[in-house]
Amino acid sequence: MTINFNGKEMKLDAASTIMDLLNKVDVDSTKLGIALCLNLEVLPRETWKNTPISDQDRIDLVVAAPGG
């Protein structure tokens with residue numbers, strides 16, 4: 001299937017979850033300061049392991065950065 005991840009097209013296996021995606025892009029899901037939106041809706045961290053991804057989903061990963 002094809003998804004949009006942070007503005008870029010990406011191919012994933014069918015039946016992938018949010019956690020599968022994060023592992024594929026080498027994101028530490030335990031790290032504080034990250035948020036994830038699926039089709040413009042914020043997903044609670046505790047749902048990432050079991051939330052399925054569908055073809056053409058839009059997923060945005062946001063990382064908070066300190067500074068001013």
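The values are calculated or read from the model by the stated rules, or taken from the named source; none is laboratory data. Keep in mind the model is a prediction, meaning the values are calculated, not measured. Positions of Cβ are generated from backbone atoms using ideal geometry, with glycine treated the same way; all protein chains shown enter the neighbour counts.
Out of the stretch 16-60, which residues are among the aliphatic types (A, V, I, L, M) and farther than 17 Å from T2 by Cβ?
M19, L22, V27, L32, I34, A35, L36, L40, V42, L43
Report yes if L61 is among the aliphatic types (A, V, I, L, M) and part of a helix (DSSP H, G or I), otherwise no.
Considered against the rule, which asks whether it is among the aliphatic types (A, V, I, L, M) and part of a helix (DSSP H, G or I), L61 comes out as no.
Across the stretch 23-60, what is the number of residues that are surrounded by 11 or more Cβ atoms within 10 Å (Cβ to Cβ) and of a type in the set (D, E, K, R)?
The number of residues fulfilling the criteria is 6.
Give the stretch 1-27 a look and list any residue that's outside any strand (DSSP E or B) and of a type in the set (S, T, N, Q), or say none.
Residues satisfying the conditions are N6, S16, N23.
Residue-wise test of (1) at pLDDT 95 or above; (2) out of contact with any Phe, Trp or Tyr (no Cβ under 8 Å at 6 or more places or on another chain).
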{"position": "F5", "(1), (2)": "yes, yes"}
{"position": "L32", "(1), (2)": "no, yes"}
{"position": "P44", "(1), (2)": "yes, yes"}
{"position": "L61", "(1), (2)": "yes, no"}
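So, of the residues in the stretch 28-57 that are in a loop (DSSP other than H, G, I, E, B) and in contact with an Asp or Glu (Cβ under 9 Å, 6 or more places away or on another chain), which turns out to be nearest to K11 (Cα to Cα)?
I53
Please enumerate the residues belonging to the stretch 1-22 that are exposed (fewer than 14 other Cβ atoms within 10 Å of the Cβ) and touching a Ser or Thr at 6+ places or on another chain (Cβ under 8 Å). Please lay out each step first, then the result.
Looking only at the stretch 1-22, we keep the residues that are exposed (fewer than 14 other Cβ atoms within 10 Å of the Cβ), and these are 2, 6-9, 11, 13-15.
Passing the criteria: E9, K11.
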